[in-house]
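Visitor: Could you have a look at this structure, given as structure tokens, before my questions?
The values are calculated or read from the model by the stated rules, or taken from the named source; none is laboratory data. Remember, it's a predicted structure, so these values are computed and weren't measured experimentally. Using ideal geometry, Cβ is built from the backbone for each residue, glycine included, and neighbour counts are taken over all protein chains shown. Remember, those area values only see protein heavy atoms, side chains included, never the ligands or the DNA or RNA. Shrake-Rupley method; radii C 1.70, N 1.55, O 1.52, S 1.80 Å.
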Amino acid sequence: MDERRKQWRCRLMGGPKSIARKREVFDTYVRDRRDISDDILRTIQRDMPRTYPKVEWVSEHLADIESLLIAYAAVQKGDSYLQGFNYHMTILYHVFQGTEHAFADTWWCFARIVGLIRPLMPDFNTTWFQWARRHWTDDLFKRIRRSRPYLHSIIETHKEHFSTLVTCKWFMLWFAQTVPWTDIFELWDIFIQVPPKHLLKTYTLITHEILKEAAPTITYSYSNDPANVLHALLSIRVKGIQKMAARIVV
């Protein structure tokens, strides 16, 4: 875990001087910020019990995670709080919890990740979002047509809806609801190491691997219930992400 912390700090917060400055800013201006609307506060509080409810560590640290989300929404009024942020903050806090600057490091790493996923937020910049969605969709569907032609024929008719849902529910969350808690950290190791300009391609390649593995299940579901093929896709829970990730070459 120490090596992971070191790597994540370095990639998401910068060098030692940058880290020291950011910790000072957090302690001075961020830590105690709570000035958010009642509506945002209620949304955060509703999402807390839904965040990895079966993971005991998460249940024990919900108060700290909630506090960090409130502080972010209070400082970053533009982003405020979006559903899904709870997963990002939880994963990051698990990595840094127990260290001297756990709150500051978690908060700043979270802020950096939000910057990386911002093109995938539909409400932030519609033009940006639509470009990113079309770009990865075209790449993915070419790959699926070659590797799993029958699956391609099924999802082609749902292309627009599929691509929007996957962008929001898989890419924007860095697969936090798709990959088990025990494996998600290894997947995030990859995302954090990948240069930002290659992130979209990395998402696409991982999605291709997931769909290749899940093709038999999806096609079976389609043959029994064609109307719910998108539900079957988005209900996929991935195991063995390490093996899939090992096949990724960006």
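Visitor: If the Cβ limit is 7 Å and pairs must be 6+ apart or interchain, which residue in the range 148-172 that is without any contact (Cβ under 8 Å) to a residue 60 or more places away in the chain pairs with which residue that is part of a helix (DSSP H, G or I) and loosely packed, with under 15 Cβ neighbours inside 10 Å?
Guide: 152/145
Visitor: Another question about this same structure. Taking the range 1-46, which residues are of a type in the set (Asp, Glu) and either in contact with a Cys (Cβ under 8 Å, 6 or more places away or on another chain) or open to solvent by less than 90 Å² (accessible area, probe 1.4 Å) (or both)?
Guide: Once the filter is applied, which keeps residues that are of a type in the set (Asp, Glu) and either in contact with a Cys (Cβ under 8 Å, 6 or more places away or on another chain) or open to solvent by less than 90 Å² (accessible area, probe 1.4 Å) (or both), the range 1-46 yields 27, 35.
Visitor: Would you tally the residues in the range 79-112 being in contact (Cβ under 8 Å) with a residue 12 or more places away in the chain and in a loop (DSSP other than H, G, I, E, B)?
Guide: Residues meeting the conditions: 9.
Visitor: Among the residues of the range 160-170, how many are surrounded by fewer than 21 Cβ atoms within 10 Å (Cβ to Cβ), touching a Ser or Thr at 6+ places or on another chain (Cβ under 9 Å) and farther than 16 Å from residue 131 by Cβ?
Guide: Within the range 160-170, residues that are surrounded by fewer than 21 Cβ atoms within 10 Å (Cβ to Cβ), touching a Ser or Thr at 6+ places or on another chain (Cβ under 9 Å) and farther than 16 Å from residue 131 by Cβ number 2.
Visitor: Only one residue in 173, 199, 187 is more than 20 Å from residue 137 (Cα to Cα), open to solvent by less than 20 Å² (accessible area, probe 1.4 Å) and at pLDDT 90 or above, so which one is that?
Guide: One residue alone meets the criteria, 187.
Visitor: Which ones in the range 56-85 are surrounded by 13 or more Cβ atoms within 10 Å (Cβ to Cβ), at pLDDT 95 or above and small (Gly, Ala, Ser)?
Guide: 59, 67, 71, 73, 74
Visitor: Residue check: is residue 182 open to solvent by 70 Å² or more (accessible area, probe 1.4 Å) and among the polar types (S, T, N, Q)?
Guide: So residue 182 passes the test.
Visitor: Conditions first: (1) modelled with pLDDT under 75; (2) open to solvent by 60 Å² or more (accessible area, probe 1.4 Å); (3) polar (S, T, N, Q). Residue 217 passes all but one, so which condition is the exception?
Guide: (1)
Visitor: Go over the candidates 53, 49 one by one and state the one that is surrounded by fewer than 17 Cβ atoms within 10 Å (Cβ to Cβ), in a helix (DSSP H, G or I) and within 19 Å of the chain's Cα centre (by Cα).
Guide: 49
Visitor: Tell me which residues, restricted to the range 151-170, are aromatic (Phe, Trp, Tyr) and modelled with pLDDT under 90.
Guide: If the condition is that a residue be aromatic (Phe, Trp, Tyr) and modelled with pLDDT under 90, then 162 is the only one that fits.
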